[in-house]
Amino acid sequence: MDYQEIVKNTKALKIEPNFSNLKKINREWSWDNIETDLDIPEKKFNQAYICVDRHAEKTPNKLAMIWESADGNIENYSFLQFKNESNKFANAMINIGLKKSDRVFFFTDRIPELYFACFGVLKAGGIMAPLFSAFGPEPVAERFNRAEGSYIVTTPNLLNKIEAIRDQMPTLKEIIVISHRSEIKHIKNILHYHEIMKGQSEKFEISESKKEDWSVMHFTSGTTGLPKGAAHVHNALISHYATGKYVLDLHPEDIYWCTADPGWVTGTSYGMFAPWSNGVTSVIYEGGFSAKKWYGIIKRHKVSVWYTAPTAIRLLMKAGSTLPQSLNLESLRYIMSVGEPLNPEGVIWGEEAFNLAIHDNWWQTETGSIMVANYPSMNIRPGSMGKPFPGIKVAIIDDNFKEIIEPDIEGQLAIKPTWPSMFKAYWNDEERYQSRFKGEWYITGDRAKKDKDGYFWFIGRDDDVINTAGHLVGPFEVESTLIEHPAVAEAGVIGKPDPVAMEIVKAFVSLSHGYEPSDELRRQLIGHCRNRLGPGTAPREIEFIETLPKTRSGKIMRRLLKARELGLPEGDTSTLEDD
Ligand code: ATP
Ligand code: MG
């Protein structure tokens, strides 16, 4: 694509970025230095200690969390309060029988008690396993059983779903209900947060906690198939802290907001561990997406660093740039995106709406932290996911698992093990875990290319790449081209089997407000893509649809578009967003 490089993010640079010279830092990088920087006492290598207690000792009154409820109430919590509450919960969990590495599932709304409880579980030696609260009962039971869970922490509004499946979870010991607003009425066989917390000490001594002890289990988004339970260890915090400092560019005075739900890895790695290990104030919003509300949050809480996702950006684009411009969101200095490729249009729209280009970065549940990024000090090439994080060797490899050195050649995106936040297991699925390692590489399952200056460009999921008349086409490039057209709000592109070409490129398009489907518009869109991409890559078929099927974490599910097109079974749809 012929977008011009966007020059440095000048507002971010009003603060000296935590690093300004990628080449130099790459040369000098050592994970040991990060550990020295963190200065963790022996046997206290615990994510909760590093995120909470360390700051409670040094800056007890600093705000850890600004919480805004869905109906607009605002509450502030200091690091000291956080420490005390999480200590109490740790004591409560030990009291009810939690043993080291027991899996504690979280199936809750985004309320302060969720965060206290998560850190309490980590302090007590348990593994926290967050789930997205919009799941139905079956996906919860399925994941819980696969991980042989012991406890479920939930909220009153979700309790029905858990009670419905209680009998289907043989390893379940207790259900704990947390609530924010009111005392919960007593229900038989359910433990209540306020009751189990009563009389608990605010002191808790983290018992011997080691780097390689299990800490978090996250289920992947299920974009390509059955979600996998990727398990991480406390040492992951080294990566969260380092990427928080150098990619999120967190400074002590920042007010940071990550819009992801903790049910997905972005909501924990970057909604909890990265900001809090850096001692930064984090905004947590209980409610869901709404352009007006989201801008209100940035304005009210003076958010300076904002981490969100392409679907949200596309929805904000749909709502227009007049609103953010008129609100004058001057506190914002730096915006990032993750979860899917960010279309070049999105990067550029950031400049129009906020006077800030949006910085894309790439990683996965399995990698645990950001692997490739556009850094605040680096020029952005819109559509590129940026350059590898220091200390991480990312490569494009061929089908024989050999690195492709020549630039601009497509191949599999691979990473050389190991790094601190790398997953250590797919829980109870060793075979699948091993299948992700080939030769000296961890295979990400994505395809990409690298340009001569070292920028990486996402092509598509390995499963999604289209082979049309011997030519490989990545859906992302076609989708991004379609989105450039004003009529197109979102696009999902698949390969449709064809007797002559093997596959043809087929696009599913949802239209922007004010546009109606028509043959004329279809011809226009195909023409637009032909001009931009050439006839081999442009879609041959376009189908207009109301909305694209997406995961609850906001990713386009191309496998569903394909299954529906071919009349095949849809496979696992537990993470499919409601229509
Ligand atoms: P599953 O593995 O269950 O199919 P998933 O891969 O969507 O689900 P996640 O770990 O949440 O689960 O997502 C990671 C994937 O999301 C990456 O492998 C990549 O395909 C995509 N992704 C994330 N960020 C980006 C980005 N900035 N650019 C391109 N793709 C991205
Ligand atoms: Mg994946």
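The values are calculated or read from the model by the stated rules, or taken from the named source; none is laboratory data. Source: prediction; values computed, not measured. No Cβ is skipped: glycine too gets one built from the backbone with ideal geometry, and neighbour counts run over all protein chains shown. For the accessible areas, the whole protein counts, side chains as well, though only heavy atoms, and no ligand, DNA or RNA atoms are used. Shrake-Rupley method; radii C 1.70, N 1.55, O 1.52, S 1.80 Å.
With all protein chains present and a 1.4 Å probe, how do Ser282, Ser553 order by accessible area, largest first? Please report the intermediate quantities before stating the final value.
Numbers: Ser282 0, Ser553 30 Å².
My answer, sorted largest first, is Ser553, Ser282.
Along the principal axes of its C-alpha atoms, what lengths does region 40-85 span, in descending order and rounded to whole Å?
Ordered largest first, region 40-85 gives principal extents of 43, 18, 13 Å.
Which order do the peptides 124-131, 69-76 take when ranked by the mean count of other beta-carbon atoms within 10 Å per residue, highest first?
124-131, 69-76
Could you work out how far helix 519-533 tilts from the main Cα principal axis of the chain, as a 0 to 90 degree angle to the nearest 10?
Once rounded, the angle reads 90 degrees.
Quick one: give the max-minus-min coordinate of the C-alpha atoms of region 466-566 along each principal axis, largest first, in Å.
37, 32, 20
Can you give me the pair-distance distribution of region 434-489, C-alpha pairs, 10 Å bins, whole percents?
19, 37, 34, 8, 2
What does the accessible area of Arg532 come to, in Å² to the nearest 10, when a probe of 1.4 Å is used?
90
How big is the Cα convex hull of region 233-364 in projection, averaged over all directions, in nm²? Could you put the intermediate results ahead of the total?
Values: hull surface 29.5 nm².
Averaged projected hull area, Cα only: 7.4 nm².
Provide the net charge surrounding Glu202, with neighbours chosen by a C-beta distance below 10 Å and charges set as Lys +1, Arg +1, Asp -1, Glu -1.
+2
Write out the GluC sites (Glu not before Pro) in region 396-457 meeting two conditions: DSSP loop, and at most 14 other Cβ atoms within 10 Å of their Cβ.
Glu440
Evaluate the relative contact order of region 466-566 (contact order divided by residue number), counting alpha-carbon pairs under 8 angstrom at least 6 apart; express in whole percent.
Numbers: 167 pairs, mean separation 28.1, N = 101.
Across region 466-566, relative contact order equals 28 percent.
Given that compact globular proteins tend to follow 2.2 N^0.38 Å, what is the ratio of the alpha-carbon Rg of region 126-192 to that value?
Values: Rg = 11.5 Å, N = 67, 2.2 N^0.38 = 10.9 Å.
Rounded to two decimals, the normalised Rg is 1.06.
How long, wide and thick is region 230-282, going by the Cα atoms along their three principal axes, in whole angstroms, largest first?
The Cα atoms of region 230-282 stretch 33, 22, 15 Å along their principal axes.
Going by average Cβ neighbours within 10 Å, how do the peptides 170-178, 486-494 rank, with the highest at the top?
Top to bottom by mean Cβ count within 10 Å: 486-494, 170-178.
Cβ neighbours within 10 Å, averaged per peptide: list 565-574, 54-63 in order, most packed at the top.
54-63, 565-574
What percentages, rounded to whole numbers, describe P(r) for the chain computed over all alpha carbon pairs with 20 Å bin width beginning at zero?
Distribution as computed: 21, 56, 22, 1 percent.
Could you state the angle between the C-alpha long axis of helix 112-123 and the longest principal axis of the C-alpha atoms of the chain, as a value from 0 to 90 degrees rounded to the nearest 10?
Here the helix axis deviates by roughly 70 degrees.
Could you state the angle between the C-alpha long axis of helix 344-354 and the longest principal axis of the C-alpha atoms of the chain, as a value from 0 to 90 degrees rounded to the nearest 10?
Rounded to the nearest ten degrees, it is 60.
Treating only the Cβ atoms of Lys and Arg (+1) and Asp and Glu (-1) as charged, compute the dipole magnitude of the chain about its Cα centre; round to the nearest 20 debye.
In debye, rounded to 20, the chain gives about 920.
Go ahead and estimate [θ] at 222 nm for the chain from helices alone: -39,500 (n - 2.57) per DSSP H run with n ≥ 4, summed, over the residue count, rounded to 500.
Dividing the helical sum by the residues of the chain leaves -8000 deg cm²/dmol.
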